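The values are calculated or read from the model by the stated rules, or taken from the named source; none is laboratory data. Just so it is clear, the model here is predicted, and its values are computed rather than measured. Heads up, the Cβs are rebuilt from the backbone with ideal geometry, glycines too, and the neighbour counts pull from every protein chain shown.
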């Protein structure tokens, strides 16, 4: 399986989760690949691959590789208690979806920049080539 196929699976799984779509500001239009627009409504999700590393080789070819996908769950720093609860639920839904796809969470990092607060998740999965 190639990285682009994993990315397609992730997008399909995120957009197929009805509860997640309800929680996002613009439903499925709040899920972005690589980059979010500057006119972002919160909460939103951005996902992208950050590494694709050979994990097993044999007979002069790659047999398996390890792919890391980074997911940013983004909200505003000026949010209400209800917004914070929605943000936490979005984060929980993302973790469940990625686990169901066979990914393991490697790390989670909080980040704040220009009025946006986010949790950045790194998920890893080994796949055959």
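The table below gives the values:
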{"read-out": "Residue check for residue 29: modelled with pLDDT of 95 or more, within 12 Å of the chain's Cα centre (by Cα) and over 21 Å from residue 2 (Cα atoms)", "value": "no"}
{"read-out": "Residue in segment 70-84 that is surrounded by 12 or more Cβ atoms within 10 Å (Cβ to Cβ), without any contact (Cβ under 8 Å) to a residue 24 or more places away in the chain and within 19 Å of the chain's Cα centre (by Cα) present", "value": "yes"}
{"read-out": "Qualifying positions in segment 90-104 - in a helix (DSSP H, G or I) and either buried (at least 16 other Cβ atoms within 10 Å of the Cβ) or in contact with a helix residue (DSSP H, G or I) (Cβ under 6 Å, 6 or more places away or on another chain) (or both)", "value": "90, 91, 93, 94, 95, 97, 98"}
{"read-out": "Flag if residue 63 is touching a strand residue (DSSP E or B) at 6+ places or on another chain (Cβ under 7 Å), under 25 Å from residue 129 (Cβ atoms), exposed (fewer than 15 other Cβ atoms within 10 Å of the Cβ) and in contact (Cβ under 8 Å) with a residue 12 or more places away in the chain", "value": "yes"}
{"read-out": "Enumeration of residues in segment 105-117 that are closer than 11 Å to residue 73 by Cα, modelled with pLDDT of 95 or more and surrounded by 11 or more Cβ atoms within 10 Å (Cβ to Cβ)", "value": "108, 109, 111"}
{"read-out": "Residue that is over 19 Å from residue 7 (Cα atoms) and touching a strand residue (DSSP E or B) at 6+ places or on another chain (Cβ under 8 Å), where the choices are 83, 52", "value": "83"}
{"read-out": "Unique residue being under 18 Å from residue 118 (Cα atoms) and either more than 19 Å from the chain's Cα centre (by Cα) or surrounded by 12 or more Cβ atoms within 10 Å (Cβ to Cβ) (or both) when the list is 35, 46", "value": "46"}
{"read-out": "Condition check for residue 28: surrounded by fewer than 15 Cβ atoms within 10 Å (Cβ to Cβ), under 30 Å from residue 128 (Cα atoms) and touching a helix residue (DSSP H, G or I) at 6+ places or on another chain (Cβ under 6 Å)", "value": "yes"}
